[in-house]
Amino acid sequence: MTRTTNARPRNAAATREAILASARRAFAQSGYDGAGVRDIAAGAGVTAMLVNRYFGSKEKLFAEVIAATMAAPIILTAENLASAKLGEAIAASLVDITKAGDTPLEGFLIMLHSASSKRAAEIGREQIEAGHQKVMTGALSGDLAPQRAALILSIVAGFQVMRQMMGLSALADAEPEALVKLLAPVFQLLIEAEGADRPL
């Protein structure tokens with residue numbers, strides 16, 4: 001007589017996504033060093049052994065999480081990159097995602113809370129260079145494109161910290177239109193590369 005069971009076969013794709021989702025939450029809240037594999041596993045309803053089986057190591061899991069947060073960009077969207085006023089498009093998107101009271105983006109929180117970890121910083125740098133910086137550089141022409149792209153990303157990150165995390169009143173309380181008006185020409189200057197080919 002065959003015994004029946006209510007256990008269902010594990011859906012590998014769903015399990016993988018559950019682990020990634022749990023890892024995103026854990027890294028965003030506690031950073032790379034503070035998020036343990038067991039905590040991530042518990043959040044996904046699996047064992048730590050299964051997390052390692054799917055991703056190999058915490059480092060590889062962290063790298064995949066960072067890559068996933070960049071797969072659906074909010075600022076460097078295809079629409080923004082195709083805009084004739086790219087500087088203004090970047091500025092408007094940046095101001096919109098840093099509104100007072102809004103929860104910061106997970107990808108931003110993950111990098112912010114993990115930056116003090118040397119290994120996490122290395123992994124983050126590799127992913128940023130292969131992701132957002134590569135995309136931004138590809139949208140630019142002229143000399144020093146990688147450096148200009150990196151400056152744009154640095155301004156974006158710094159603005160997020162000061163306006164949304166620190167709540168600097170001059171930024172947090174400002175009219176969005178005023179901030180866009182100030183930021184747009186800064187981004188546009190880096191985009192157009194005026195003077196980028198001049199010797200230092």
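So the values come out like this:
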item: Filtered residues of the range 124-164 (kept if of a type in the set (S, T, N, Q) and part of a loop (DSSP other than H, G, I, E, B)); result: Ser141
item: Failed item, numbered, when Leu76 is tested on (1) within 12 Å of the chain's Cα centre (by Cα); (2) within 30 Å of Ala12 (Cβ to Cβ); (3) not in a helix (DSSP H, G or I); result: (2)
item: For Val95: the one exception among (1) at pLDDT 90 or above; (2) not assigned by TED's automatic domain parsing to the domain that holds Met136; result: (2)
item: The one condition in (1) touching a residue at least 24 places away in the same chain (Cβ under 8 Å); (2) over 22 Å from Ser116 (Cβ atoms); (3) among the hydrophobic types (A, V, I, L, M, F, W, C) that Ala42 fails to fulfil; result: (1)
item: Long-range neighbours under 7 Å by Cβ, at least six apart or interchain, first residue aromatic (Phe, Trp, Tyr) within the range 102-123, second part of a helix (DSSP H, G or I); result: Phe108/Gln160
item: Selected residue (criterion: farthest from Met136 (Cα to Cα)) from residues of the range 79-122 that are in a loop (DSSP other than H, G, I, E, B) and among the basic types (Lys, Arg); result: Lys99
item: Qualifying residue in the range 102-116 (condition: farther than 30 Å from Ala184 by Cβ and either loosely packed, with under 14 Cβ neighbours inside 10 Å or not hydrophobic (A, V, I, L, M, F, W, C) (or both)); result: yes
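Matching residues to (1) buried (at least 18 other Cβ atoms within 10 Å of the Cβ); (2) assigned by TED's automatic domain parsing to the domain that holds Leu182; (3) basic (Lys, Arg):
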{"site": "Arg24", "(1), (2), (3)": "yes, no, yes"}
{"site": "Val46", "(1), (2), (3)": "yes, no, no"}
{"site": "Gly56", "(1), (2), (3)": "no, no, no"}
{"site": "Ala67", "(1), (2), (3)": "no, no, no"}
{"site": "Ala100", "(1), (2), (3)": "no, yes, no"}
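The values are calculated or read from the model by the stated rules, or taken from the named source; none is laboratory data. In this text the structure is predicted, and so the values were computed from the model without any measurement. A quick note on method: Cβ atoms are made from the backbone with ideal geometry, for glycine too, and the neighbour counts reach across all protein chains shown.
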